[in-house]
Amino acid sequence: MIAKELIQQELDDSSGELITVINGFSDRDFNLRVSENSWSAGEVVEHLIKLDKLLIRLLEGNSKPSERNPEEKMNIIKTGFLDISKKYNSPKFMIPADNNQNKNDCINKITEQRKKIKELIEFVDLSLTYPELIHPVFGEMSGVEWVYSIIYHLKRHIFQIKEIETILSERN
């Protein structure tokens, strides 16, 4: 059985950590890249906001009964996202725009979207499979796998944002 309260708590915890990390940046540093080919913290957050929007649309969309255990891919999803040594290329539609982000606007969007995701977790059958989007690494996933992929993906990027913060603080 899928423990929705636990999922909601993990979503809250990871979201709270992200907001704390964001608040650690000055407005200027939030939009600074540490290298030419990297994203700024603001761009990473924009990427996360895009992913949250995608999850909301996905969970509000079409689903079908799972033909397998809906939690079957949980370990591979967790391992895949939390292994920082693995590098993934973001699909083009998930790449942030090349512009500055407002910290407070980002925090408000994260808060609003995470509230909506929590509401969906409450009312959607997370054991169903959501075939409208096939994950480029993990394939077709159930609702519970999609929600946890967002949580683990967020944890991966929190690590990345903290690294950005460390590099920027060493430069100052």
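Values in this text are rule-based calculations from the coordinates and carry no lab data. What you are looking at is a predicted structure, and each value in this text was computed from that prediction instead of being measured. Cβ sites come from the backbone with ideal geometry, for glycine too, and all protein chains shown count toward neighbours.
In the range 78-93, which residues are farther than 15 Å from Ile150 by Cα and not in a loop (DSSP other than H, G, I, E, B)?
Listed by number, the residues that qualify are Lys92, Phe93.
So which of Gly24, Gly16 ends up being free of Cβ contacts under 8 Å to residues at least 40 places away in the same chain, of a type outside the set (Val, Ile, Thr) and more than 25 Å from Val137 (Cα to Cα)?
Gly16
State whether one or more residues within the range 2-15 are surrounded by fewer than 17 Cβ atoms within 10 Å (Cβ to Cβ), under 30 Å from Arg171 (Cβ atoms) and not hydrophobic (A, V, I, L, M, F, W, C).
There is no residue in the range 2-15 that is surrounded by fewer than 17 Cβ atoms within 10 Å (Cβ to Cβ), under 30 Å from Arg171 (Cβ atoms) and not hydrophobic (A, V, I, L, M, F, W, C).
Quick one: would you say Leu48 is surrounded by 13 or more Cβ atoms within 10 Å (Cβ to Cβ), closer than 23 Å to Pro91 by Cβ, in contact with a helix residue (DSSP H, G or I) (Cβ under 9 Å, 6 or more places away or on another chain) and of a type in the set (A, V, I, L, M)?
When the stated conditions are applied, Leu48 passes them.
Anything in the range 1-27 that is over 17 Å from Glu119 (Cα atoms) and acidic (Asp, Glu)? List them, or say none.
Glu17, Asp27
Please tell me if Ile164 is surrounded by 18 or more Cβ atoms within 10 Å (Cβ to Cβ), of a type outside the set (Gly, Ala, Ser) and farther than 25 Å from Glu71 by Cβ.
Yes.
Go through the range 94-135 and give me each residue that's touching a Ser or Thr at 6+ places or on another chain (Cβ under 9 Å) and assigned to a loop (DSSP other than H, G, I, E, B).
Listed by number, the residues that qualify are Pro96, Asn100, Gln101, Val124, Asp125, Leu126, Ser127, Leu128, Tyr130, Pro131, Glu132.
Check whether at least one residue in the range 75-96 is more than 20 Å from Leu11 (Cα to Cα), in contact (Cβ under 8 Å) with a residue 60 or more places away in the chain and over 16 Å from the mean Cα position of the chain (by Cα), and report yes or no.
Checked against the condition, which is being more than 20 Å from Leu11 (Cα to Cα), in contact (Cβ under 8 Å) with a residue 60 or more places away in the chain and over 16 Å from the mean Cα position of the chain (by Cα), the range 75-96 yields no hits at all.
To keep it simple, each residue is scored yes or no on (1) part of a helix (DSSP H, G or I); (2) in contact with a Ser or Thr (Cβ under 9 Å, 6 or more places away or on another chain); (3) more than 30 Å from Phe123 (Cβ to Cβ); (4) among the aliphatic types (A, V, I, L, M).
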| site | (1), (2), (3), (4) |
| --- | --- |
| Leu6 | yes, no, no, yes |
| Ile22 | yes, no, no, yes |
| Arg28 | yes, no, yes, no |
| Val34 | no, yes, yes, yes |
